[in-house]
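Have a look at the structure below, then the notes.
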Amino acid sequence: MSTDWIRHAQRRGSHIRPRHPRFGRDDRSIETRLLLMETEDGNKWDGMMFTPRETSLTRTAALVIHGSVGNYLTGMPRRLAFGFAQVGIPVLTANTRMANYGAFFGSGLLEQVPLDIDAAVRTLRRRGFNRIVLVGYSMGSTMVTHYQAKVAPPEVVGVCTLAHPLSLPQSLRRRWERFGAVPDYNEMTRMVQRGMVGTDDPKRDRIVLVERASGPSHSPMHAEIWTYRTWWHSRGPEALTAESRRWVGVLRVPLGIIQAGSDLLIPRSEGPELVKLARDGGCPDVHLEYIDGADHVFTGAQGAAVHAARRWITGRLRDLQDGQEIPDLE
């Protein structure tokens, strides 16, 4: 750095104005800490803890899980983490084996994700939290729903989902049919079955490029990359883990669903269907809300989506404070 610039800055003195934050408001009221979480099968995933400097909810936290090809600090997970922490709710936003390029290179097997979420829950438990609300965005909605249905740890007091698909395989098939994907869904199924010859041997796994998967052209921007195994386990015709319609009725904690009102990937009719399945199965309370005009990633409406999720979570916590039993894990 030149001495001329330093002297110039010194002469300007107090006239130098502070740079405004580029994301949201000034977040000096929030402490952040990077965490590394180890799973029972020996994987290590990144996460970040957002802790309000002043909060009365010292033993309550939200756990945020990302969507497809996302991670703990992009898009909605980041927005949700800041939005919750700004109103006093500690947040852990965490990666899973589905984060980033897991589906591209064979490591992202959806049915193994409960190990990742369980590692994040254990991290919060060790930090003293005895009430946790699971929050999932898009595919993360499917992951937290499946996890809670299968594991149901006592700390979890609610599940909140945003852009929640009824079925990941159904959503992908519908999108591929709309754009004329190459290979199409049936051809991809046959290709995987031939390639894996009835096994789940990682040595037989191969990368597959699907053109016109997310748009009408053969441009790379409209393509998707999968491996035989990652596609079969999360989007194939037998991927039961990826079917939220199978799991919402198993939930025994309240469920809040925040859907995008103009979502091209998830028809509006899927929200009421999730609600019916959850209630018919015995879920104790189900809330459904739409963000009108919002697309799947809540473009221009992320603040409204965060506010809706935050309102549902704080309402759930008020219900607990008004007399419902609170887990005591000490």
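The values are calculated or read from the model by the stated rules, or taken from the named source; none is laboratory data. Note that this is a predicted model, so its numbers are computed, not measured. Cβ placement follows ideal geometry from the backbone for every residue including glycine, while neighbour counts extend to all protein chains displayed.
Quick one: in the stretch 219-259, of everything that is within 21 Å of GLU289 (Cα to Cα) and of a type in the set (Gly, Ala, Ser), which residue is surrounded by the most Cβ atoms within 10 Å (Cβ to Cβ)? Top of the filtered list is SER244. Determine, yes or no, whether VAL151 is under 30 Å from ARG126 (Cα atoms), surrounded by 17 or more Cβ atoms within 10 Å (Cβ to Cβ) and among the aliphatic types (A, V, I, L, M). Criteria not met by VAL151. Taken over the stretch 194-234, the criterion of being within 25 Å of VAL113 (Cα to Cα) and in a helix (DSSP H, G or I) is satisfied by GLY195, MET196, PRO202, LYS203, ARG204, TYR228, ARG229, THR230, TRP231, TRP232, HIS233, SER234. Only a single item in (1) free of Cβ contacts under 8 Å to residues at least 60 places away in the same chain; (2) under 30 Å from VAL64 (Cβ atoms); (3) in contact with a helix residue (DSSP H, G or I) (Cβ under 8 Å, 6 or more places away or on another chain); (4) not assigned by TED's automatic domain parsing to the domain that holds GLY75 is not met by ARG178, and it is number (3). When each of ALA120, ALA61 is tested for being more than 15 Å from the chain's Cα centre (by Cα), among the small types (Gly, Ala, Ser) and assigned by TED's automatic domain parsing to the domain that holds GLY256, the lone residue that passes is ALA61. Across the stretch 181-191, the number of residues qualifying as farther than 11 Å from ALA213 by Cβ and either outside any helix (DSSP H, G or I) or touching a residue at least 40 places away in the same chain (Cβ under 8 Å) (or both) comes to 1.
Matching residues to (1) at pLDDT 95 or above; (2) small (Gly, Ala, Ser); (3) buried (at least 17 other Cβ atoms within 10 Å of the Cβ):
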residue	(1), (2), (3)
GLY158	yes, yes, yes
LEU168	yes, no, yes
ARG175	yes, no, yes
GLY180	yes, yes, no
ASN186	yes, no, no
VAL192	yes, no, yes
PRO202	yes, no, no
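Taken together, the residues in the stretch 260-297 that are in contact with a Lys or Arg (Cβ under 8 Å, 6 or more places away or on another chain), in contact (Cβ under 8 Å) with a residue 60 or more places away in the chain and buried (at least 19 other Cβ atoms within 10 Å of the Cβ) amount to 1. Here LEU115 fulfils each of the conditions (1) under 30 Å from LYS203 (Cα atoms); (2) of a type in the set (A, V, I, L, M, F, W, C); (3) in contact with a helix residue (DSSP H, G or I) (Cβ under 6 Å, 6 or more places away or on another chain) apart from (3).
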